[in-house]
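All remarks here apply to the structure that follows.
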Amino acid sequence: MKSVRTDAYQAVLAVVLAARTRAGITQQQLAALLDKPQSFVSKYENGERRLDVAEFLAILHALNCDPHAALGEILASKPFRRAGPRPALRRARR
């Protein structure tokens with residue numbers, strides 16, 4: 001399993017936690033919206049559990065948070081900033 005302690009993953013968690021704080025809802029309320037136990041929210045917020053992309057998007061949806069804006073915040077954070085231009089993404093060959 002990938003580490004939840006990397007700077008990059010901590011940046012993701014910071015954005016998700018900030019979104020919940022801005023929404024003004026508790027872990028318990030978010031868990032109810034996600035149909036999950038409160039411990040699910042607590043564990044990912046405390047870095048005991050890693051979120052997958054589907055969970056990340058479900059959380060943002062439950063918080064009424066724009067995923068594009070959230071990703072923008074993550075990409076603007078220090079762990080994701082790079083010096084110089086970024087290479088273009090290439091399409092996978094099929």
Could you please tell me which pairs satisfy a Cβ distance under 9 Å, a separation of 6+ or placement on different chains, a first residue in region 39-55 that is without any contact (Cβ under 8 Å) to a residue 24 or more places away in the chain, and a second residue that is exposed (fewer than 13 other Cβ atoms within 10 Å of the Cβ) and of a type in the set (Ser, Thr, Tyr)?
-> Val41/Thr26
Residue hits (region 35-51; surrounded by fewer than 13 Cβ atoms within 10 Å (Cβ to Cβ) and either of a type in the set (A, V, I, L, M) or at pLDDT below 95 (or both)) are Asn46, Glu48
Would you tally the residues in region 1-38 being in contact (Cβ under 8 Å) with a residue 12 or more places away in the chain and part of a loop (DSSP other than H, G, I, E, B)?
-> 6
Residue list for region 1-53, restricted to those being farther than 18 Å from Ala70 by Cα and of a type in the set (Gly, Ala, Ser) | Ser3, Ala31, Ala32, Ser39, Ser42, Gly47
Within the bounds of region 77-89, is there any residue that is within 12 Å of the chain's Cα centre (by Cα), at pLDDT below 95 and of a type outside the set (Gly, Ala, Ser)?
-> no
By residue number, the members of region 52-79 that are among the charged types (D, E, K, R) and surrounded by 16 or more Cβ atoms within 10 Å (Cβ to Cβ) are Glu55, Glu73
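The values are calculated or read from the model by the stated rules, or taken from the named source; none is laboratory data. Since we're looking at a predicted model, the values are computed, not measured. Using ideal geometry, Cβ is built from the backbone for each residue, glycine included, and neighbour counts are taken over all protein chains shown.
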